[in-house]
């Protein structure tokens, strides 16, 4: 379980997170929704170690993650698919997947996970020798997810996986997220597409200008009037 | 033809020496987007260390010592002068590089007293004269291009087929995502400087063993030429740097062979201006506008 308590993060003089607390229980899909600049990405980037926190704590199965180098956090079982996918465009699909397993030395197991990722994304297998830059946006997103899975994470963080994708492709991505979760990977998901995210998630938090203003199950927040008005574009 | 031939052979050899230095520029640029102005001075230091160690120690100790000392120097420069500026604007990094260049030259001045140090013990075997197509030449002229190609092949293999190479390619494209894969950026950058300095040290051994002496600015000209070669080939690209270096080496020597020795340097720098005006990305460079 991932447990964040009273986390403060600032960039320069700007306070990005003002003491947020949240929990990601094992085996669940948890989503953070909120407007641009609310601090969603900052939260994920702080968990992964890319951003330094001012104060607070991030506990992963009782172990403090704050102050740990990124590679230790990944080795502890946390992977991230970054915003904008950020696949290595001039490497092949296969190389992108292999680099996802960069910290692992267990060759046979890496090969097994490669087969697993190819099973999840048959499209990637077909294109395994193609340069990642030649893939469509949806395929690149699948590659970014597959690459993160190659570190064999117990917690998978996804930063805006549906960004810029066609609605049908978004459906695909979300069904894959559910499938990954069914196979035992905990998911922490950030989305602008609040509707899809809340329908998929077991638990949800609403972030507003660096603070958590609402939380509940996905279904509860879907039914919440404030959420409907602010994030789902429905007027009651 | 008979008169031009030795110049051609020489050109290939000079090109090999430039290539060994140019790779250092292009590797570092590829990963840090930094023109490492101190690289030519690292080359010079390797020459000085060679002079000192070969006069005092047996060859089989002296030569490895040159390689080790140069590699350590490259590593230390990166840690002391570039690493603290990782998040600083690129201009600061560049200014720091210029500072390192002058620092090394002045330290060398302090140590040598400003007197060029004569190369009294040339490296045996490669400094011997051999006959090639009826012309007498030093064996190093033949060894240089062969050794250069071998080292380049090894480097390309390292970059394309090893775990460290994969990390280097990833870091060169995207620091942050590379870190998300668990790649330790600082280690990758250190390795890059180590490789660049190692190749410069090999280049220095081949270059200075034929030279009468090593002075504090002896690295400046070959360093600049190699830099032009890297830009000409497309900075950031290893094949580009190698091809660029061989072309420049050949052209310079051909111009000398045609009797215009005074213009051979001018040609190289004119080439730099033309390349920057006409095709700033060089022969094999990527089409990214945000460079140099």
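Legend: mean number of C-beta atoms from other chains within 10 angstrom of residue C-beta atoms, peptide A:75-87, equals 2. If the elastic network links every pair of Cα atoms under 10 Å, which of B:166, B:44, B:91 fluctuates the most in the Gaussian network model of chain B? For chain B, modelled as a Gaussian network with Cα springs under 10 Å, the answer is B:91.
A simple packing score, the average count of other Cβ atoms within 10 Å per residue, orders the peptides B:209-218, A:142-151 as A:142-151, B:209-218, with the highest score first. Working ranking of peptides B:63-72, B:8-17 by packing, defined as the average number of other Cβ atoms within 10 Å per residue, highest first, is B:8-17, B:63-72.
Only helices enter the 222 nm calculation for chain B: every DSSP H run of n ≥ 4 contributes -39,500 (n - 2.57), and dividing by all residues gives -23500 deg cm²/dmol, rounded to 500. Grouping the Cα pair distances of the stretch B:110-168 into 10 Å bins from zero gives a pair-distance distribution of 19, 24, 23, 25, 9 percent in increasing distance order.
When A:119, A:159, A:90 are ordered from fewest to most other Cβ atoms inside 10 Å of their Cβ, what list results?
Ranked by crowding around the Cβ, least crowded first: A:119, A:90, A:159.
Each peptide in B:180-186, B:115-121 gets a packing score, the mean of other Cβ atoms within 10 Å over its residues, and the list from highest to lowest is B:180-186, B:115-121. The mean sequence distance of close C-alpha pairs (under 8 Å, at least 6 residues apart), as a share of the length of the stretch A:24-152, puts its relative contact order at 27 percent. Highest GNM mean-square fluctuation among A:155, A:97, A:165, for chain A modelled with Cα contacts below 10 Å: A:165. Per residue, the convex hull around the alpha carbon atoms of the stretch A:108-180 comes to 92 Å³.
Placing a label point 7 Å from the Cα of residue B:137 along the Cα-to-Cβ line, the residues of the stretch B:174-206 whose backbone N sits under 17 Å from it are B:206. Label positions at residue B:174 and residue B:258, each projected 7 Å from the Cα along the C-beta direction, are separated by 4.8 nm. In a fully extended conformation the segment linking residue B:217 and residue B:68 would gain 51.5 nm over its present Cα-Cα distance, using 0.36 nm per residue. The angle between the Cα long axis of helix A:167-182 and the longest principal axis of the Cα atoms of chain A comes to about 90 degrees, rounded to the nearest 10. The alpha-carbon atoms of the stretch B:208-258, seen along their principal axes, cover 32, 29, 15 angstrom, with the largest extent given first. With a 10 Å cut-off around each Cβ of A:144-150, the average count of Cβ atoms from other chains is 1. Principal axis analysis of the Cα atoms in the stretch A:13-83 yields extents of 30, 27, 22 Å, listed in decreasing size.
Here the label points at residue B:127 and residue A:103, each 7 Å from Cα along the C-beta direction, are separated by 5.2 nm in the simple model.
Expressed per residue, the C-alpha convex hull volume of chain A stands at 119 Å³.
Spacing of the modelled spin labels on residue A:166 and residue B:273, each 7 Å from Cα toward Cβ, amounts to 5.3 nm.
Between the Cα long axis of helix B:39-56 and the first principal axis of chain B there is an angle of about 50°, rounded to the nearest 10. On the basis of the beta-carbon distance and an R0 of 22 Å, residue A:223 and residue A:21 show a calculated FRET efficiency of 0.40. Compactness check for the stretch A:42-108: Cα Rg over 2.2 N^0.38 Å is 1.27.
Can you give the Kirkwood hydrodynamic radius for chain B, in Å, rounded to one decimal and based on Cα pairs?
When all Cα pairs of chain B are included, the Kirkwood radius is 19.4 Å.
For the stretch A:166-236, the average shadow cast by the Cα convex hull is 5.2 nm², which is a quarter of the hull's surface. Please work out the C-alpha center-to-center distance from the stretch A:39-83 to the stretch B:1-58 and express it in whole Å. The stretch A:39-83 and the stretch B:1-58 have Cα centres spaced 44 Å from each other.
Short-range pairs are left out: with C-alpha atoms under 8 Å and at least six residues apart, the relative contact order of chain B is 36 percent. Overall form of the stretch B:152-200: oblate. Here a/c, set by the Cα gyration tensor axes a ≥ b ≥ c, is 1.5 or more, and a/b is not larger than b/c.
For A:162, B:92, the sequence from fewest to most other C-beta atoms within 10 Å is B:92, A:162. Averaged over peptide A:97-104, the number of partner chain Cβ atoms lying within 10 Å of each residue's Cβ comes to 4.
Which residue, A:41, A:21, A:136, has the most motion in a Gaussian network model of chain A that connects Cα atoms within less than 10 Å? The residue that fluctuates most here is A:136.
Rg of the Cα atoms in the stretch B:87-225, relative to 2.2 N^0.38 Å, amounts to 1.35. Cα centroid separation, the stretch A:173-218 to the stretch B:212-242: 54 Å. For the protein assembly as shown, the calculated P(r), taken from all Cα-Cα distances in 20 Å bins from zero up to the bin holding the longest distance, is 20, 43, 26, 10, 1 percent. Given 10 °C and 1.306 mPa s, how large is the Stokes-Einstein diffusion coefficient of the stretch B:53-163 in µm²/s, with Rh as the Kirkwood radius over Cα pairs? Answer, rounded: 89 µm²/s.
Every number here is computed from the coordinates shown, using simple stated rules; none is lab data. Owing to the predicted nature of the structure, the values given are computational and were not obtained by experimental measurement. As a convention, Cβ positions derive from the backbone with ideal geometry for all residues, glycine included, and neighbour counts pool all protein chains shown.
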